[in-house]
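What follows is a short report on a single structure.
The values are calculated or read from the model by the stated rules, or taken from the named source; none is laboratory data. Because the structure is a prediction, the values reported are computed rather than measured. Here the Cβ is made from the backbone with ideal geometry for all residues, glycine too, and neighbour counts use every protein chain on show. Heavy atoms of the whole protein, side chains included, go into the accessibility calculation; ligands, DNA and RNA do not. Shrake-Rupley method; radii C 1.70, N 1.55, O 1.52, S 1.80 Å.
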Amino acid sequence: MTQTNSMQSTPTAAAQAVTGSGELAKPLVQLNHVEKHFGALHVLKDINLTVNKGEVLVIVGPSGSGKSTMCRTINRLETIDSGEILIDGEKLPQEGRALAKLRAEVGMVFQSFNLFANKTILDNVTLAPIKVRHRNKVEAEREAMDLLDRVGVASQANKMPSQLSGGQQQRVAIARALAMHPKVMLFDEPTSALDPEMVNEVLDVMVELAHEGMTMLCVTHEMGFARKAADRIVFMADGQILEQDTPDAFFEHPKTDRAKDFLSKILTH
Ligand SMILES: Nc1ncnc2c1ncn2[C@@H]1O[C@H](COP(=O)(O)OP(=O)(O)O)[C@@H](O)[C@H]1O
Ligand SMILES: [Mg+2]
């Protein structure tokens, strides 16, 4: 952590230690002094965040606090006004091939199902590896089938997205992102548009990924998942990171009034 200001907390020693397992922590995603406005609205305020290799971050905070915008800046779906973002030590390029390459290293799964509606499940997964990575079709399909199997939907490979449930579609979206061999996976409320009975089948895949060592940033209100899978909770409000700590420390001893208020609202049900 390079800096602190009055409102931003650095992760505790405990939060940093869990990432290590003996190895030196290697920063895969770094946001340094990131600022972003939408017109007059200041949505990201001096965001400083480091995600180490293999680390699982869960980002929580009230609606409108800038969680989605922060995720979208990481693969440059949104520009930033100032500051810098590094992926595996490389600064995010502005545009062109270099951006496409770096963006391919960041997998993203959104709230809304965003599979290509007119392509089969298998084609959804193989499209980018073939087009962007220039993978051979047979190989790409073999790997896609392995990935679909891993997320439990291999039997749906030849169907169209509309024939699958929301939970199945989100699992395909995860497989599709993994097919690009991303260095880090971003999840922006991947279960919040799902019927309740489908939430767990998606979270289970995410927990498994976390256990396999994938580096993950997950925006989610699923606190069970946060407790089970997160190395660190990042709490955002009003465009700022107000707290970051281990799940136990954050849930048991939130430091700021904003976090206490937020937790009292989501944990009372
Ligand atoms: N494309 C946009 N244009 C203008 N305002 C936006 C845009 N996207 C998000 N916002 C605003 O930025 C703020 C942060 O939004 P967002 O990052 O979606 O928050 P969260 O994901 O935490 O709910 C909100 O006030 C939202 O209305
Ligand atoms: Mg959001």
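Screening V125 against (1) crowded, with 19+ Cβ neighbours inside 10 Å; (2) outside any helix (DSSP H, G or I) leaves a single unmet condition, (2). Taken over the stretch 25-55, the residue count meeting the criterion of being closer than 15 Å to C218 by Cα and either of a type in the set (V, I, T) or near ligand 1 (Cβ under 10 Å from one of its atoms) (or both) is 3. Only one of the numbered conditions (1) farther than 26 Å from K26 by Cα; (2) under 15 Å from the mean Cα position of the chain (by Cα); (3) of a type in the set (G, A, S) is violated by A229, and that is (1). If you go through the stretch 56-68 one residue at a time, how many are within 8 Å of ligand 1 (Cβ to nearest atom) and either over 12 Å from the mean Cα position of the chain (by Cα) or among the aliphatic types (A, V, I, L, M) (or both)? The number of residues fulfilling the criteria is 6. For the condition touching an Asp or Glu at 6+ places or on another chain (Cβ under 7 Å), in contact (Cβ under 8 Å) with a residue 60 or more places away in the chain, buried (at least 16 other Cβ atoms within 10 Å of the Cβ) and not in a helix (DSSP H, G or I), P190 does not qualify. Within the stretch 84-94, at least one residue is buried (at least 17 other Cβ atoms within 10 Å of the Cβ) and within 30 Å of D261 (Cβ to Cβ). In the stretch 194-210, the count of residues that are within 16 Å of ligand 2 (Cβ to nearest atom), in contact with a helix residue (DSSP H, G or I) (Cβ under 6 Å, 6 or more places away or on another chain) and either of a type in the set (S, T, N, Q) or open to solvent by less than 50 Å² (accessible area, probe 1.4 Å) (or both) is one or more. Filtering the stretch 146-161 to residues that are more than 12 Å from N124 (Cβ to Cβ) and more than 23 Å from the chain's Cα centre (by Cα) leaves A154, S155. When restricted to residues that are near ligand 1 (Cβ under 9 Å from one of its atoms) and closer than 23 Å to M214 by Cα, the stretch 69-95 contains 4.
In a residue-by-residue description of the stretch 199-222, the property of being among the polar types (S, T, N, Q), farther than 22 Å from A144 by Cα and in contact (Cβ under 8 Å) with a residue 60 or more places away in the chain applies to at least one position.
The set of residues in the stretch 165-176 being open to solvent by 10 Å² or more (accessible area, probe 1.4 Å) and either modelled with pLDDT under 95 or in a helix (DSSP H, G or I) (or both) consists of G166, Q168, Q169, R171, R176. The residues of the stretch 37-79 that are within 16 Å of ligand 2 (Cβ to nearest atom), open to solvent by 10 Å² or more (accessible area, probe 1.4 Å) and not in a loop (DSSP other than H, G, I, E, B), listed by number, are F38, L41, V43, K67, S68, T69, R72. Residues that are within 21 Å of the chain's Cα centre (by Cα), within 30 Å of M145 (Cβ to Cβ) and surrounded by 17 or more Cβ atoms within 10 Å (Cβ to Cβ) are absent from the stretch 235-251 altogether. Scanning the stretch 214-231 for residues that are open to solvent by 30 Å² or more (accessible area, probe 1.4 Å), closer than 20 Å to L49 by Cβ and more than 16 Å from ligand 2 (Cβ to nearest atom) yields M214, D231. Is it the case that the stretch 195-211 has a residue that's outside any helix (DSSP H, G or I), within 24 Å of F116 (Cβ to Cβ) and under 20 Å from the mean Cα position of the chain (by Cα)? Checking the stretch 195-211: not a single residue is outside any helix (DSSP H, G or I), within 24 Å of F116 (Cβ to Cβ) and under 20 Å from the mean Cα position of the chain (by Cα). Total residues in the stretch 252-262 satisfying the condition of being within 16 Å of ligand 2 (Cβ to nearest atom) and either open to solvent by less than 10 Å² (accessible area, probe 1.4 Å) or closer than 19 Å to N52 by Cα (or both): the figure is 0.
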